[in-house]
Amino acid sequence: MDVERFDLALKETIEAERLKNGIGTYSEGTLHAVLKKYFEPSNERHELKVGRYVADIVGQNGIIEIQTQQLFRMKNKIKAFLEVSDVTVVYPVSSSRYVRWIDSVTGEVFGKRKSPRKESVYEAIVELYALRDFVSDPGFRFIAVILETEEMKYFKMDKYGRKTTVRRFDRIPLKLISEEHFFCKEDYYRLIPEGLCDNFTSSDFAKSAKIHRSCAQTVLSFLNIIGVVSRVDRNKNGYIYTVCR
């Protein structure tokens with residue numbers, strides 16, 4: 001993690017957007033653009049064609065693909081890239097976020113508010129579940145980038161004068177909090193929270209990790225597939241797991 005390099009990438013990206021689109025405006029994909037600049041400052045290594053697909057970054061460490069949502073859409077692309085190169089998938093997580101509203105008619109931007117919604121590295125693993133078949137490949141790596149972000153949302157007024165959301169227009173990173181690197185099977189053991197008994201359920205895992213049970217269930221299914229935990233029994237509430245040490 002390099003906070004100074006991240007801040008520089010953020011500054012350069014925002015300045016480039018203002019020159020292109022005007023002060024106070026943003027283009028869609030700011031988060032993606034900043035992360036691409038952060039992981040590879042040289043524009044010459046951006047958006048290069050590899051076989052049938054275009055890679056976000058092609059550099060000394062192989063291919064880096066930055067996906068801000070829906071990792072399942074990358075399956076064919078990652079499979080093709082792994083045949084010719086090491087591949088690192090980068091996925092951003094908003095541990096804290098603010099929301100700004102944009103009037104879809106006038107373009108006016110209104111003040112921001114703190115959102116109660118928070119994410120953790122476990123939400124990134126839920127997304128990674130779609131790429132579970134690649135995790136055992138020695139050339140596959142995954143990085144969850146933990147950020148403070150600001151969301152820009154379009155709105156319009158309904159006939160009753162109430163604000164309604166049209167769609168999220170952009171997500172802008174404000175601060176780099178941390179990075180979670182998963183480069184080999186052993187790295188995934190860090191996902192096991194402290195305080196678990198030898199045998200535990202998804203409810204126990206959710207309580208220790210401070211996440212929803214549905215999230216815990218997907219994370220445990222993923223960890224079971226890659227051999228970090230195993231299912232040893234089952235009760236009326238679901239599977240019972242143990243850590244494969």
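The values are calculated or read from the model by the stated rules, or taken from the named source; none is laboratory data. What you see is a predicted model; the values in this text were computed from it and never measured. No Cβ is skipped: glycine too gets one built from the backbone with ideal geometry, and neighbour counts run over all protein chains shown. Note: accessible area is taken over every heavy atom of the protein model, side chains too, but ligands, DNA and RNA are not part of it. Shrake-Rupley method; radii C 1.70, N 1.55, O 1.52, S 1.80 Å.
When the helices in the chain are scored as -39500 (n - 2.57) per DSSP H run of 4 or longer and the sum is shared across all residues, what 222 nm value do you end up with, to the nearest 500 deg cm²/dmol?
When only DSSP H runs of four or more count, the value is -8000 deg cm²/dmol.
From zero up to wherever the largest Cα-Cα distance of the chain sits, split into 5 Å bins and tell me the percent of pairs in each.
1, 6, 12, 15, 16, 15, 13, 10, 7, 4, 2, 0, 0
Go through 222-232, 192-202 and give me the packing order, highest mean Cβ count within 10 Å leading.
Taking the mean over residues of other Cβ atoms within 10 Å, the ranking is 222-232, 192-202.
For region 23-131, calculate the relative contact order in percent as a whole number, restricting contacts to Cα pairs under 8 Å that are 6 or more residues apart.
Normalised by residue count, the contact order of region 23-131 is 19 percent.
Using protein chains only and a probe of 1.4 angstrom, how many square angstrom of Met1 are accessible, to the nearest 10?
120 Å²
Percent of accessible area on the chain owned by carbon and sulfur, 1.4 Å probe?
47 percent
Given a cut-off of 25 Å, name the pairs among Lys37/Lys175; Lys36/Lys75; Lys11/Lys210; Lys36/Lys77 whose C-alpha atoms lie farther apart than that in the structure shown.
Too far apart for the 25 Å limit: Lys11/Lys210.
Please tell me the relative contact order of region 155-245 in percent, rounded to the nearest whole number, where contacts are Cα pairs under 8 Å and at least six residues apart.
About 19 percent, as a whole number.
Quick one: how many Å² of Phe110 are accessible to a 1.4 Å probe, rounded to 10?
Surface open to solvent at Phe110 totals about 80 Å².
So what is log10(I(q)/I(0)) for region 1-145 at q = 0.09, 0.14, 0.16 1/Å, when the Debye sum runs over its Cα atoms only?
At q = 0.09, 0.14, 0.16 Å⁻¹ the computed log10 ratios are -0.33, -0.78, -0.98.
For the chain, calculate the relative contact order in percent as a whole number, restricting contacts to Cα pairs under 8 Å that are 6 or more residues apart.
Rounded, it is 15 percent for the chain.
Reachable aspartates and glutamates from Lys79, Cα under 16 Å, same-chain residues fewer than 8 places away excluded?
List returned: Asp56, Glu65, Asp133, Asp137.
Please work out how much accessible surface Ser136 shows to a 1.4 Å probe, ignoring ligands, DNA and RNA, in Å² rounded to 10.
100 Å²
Any idea of the accessible area per residue across region 50-141, 1.4 Å probe, to the nearest Å²?
For region 50-141, the per-residue accessible area is 51 Å².
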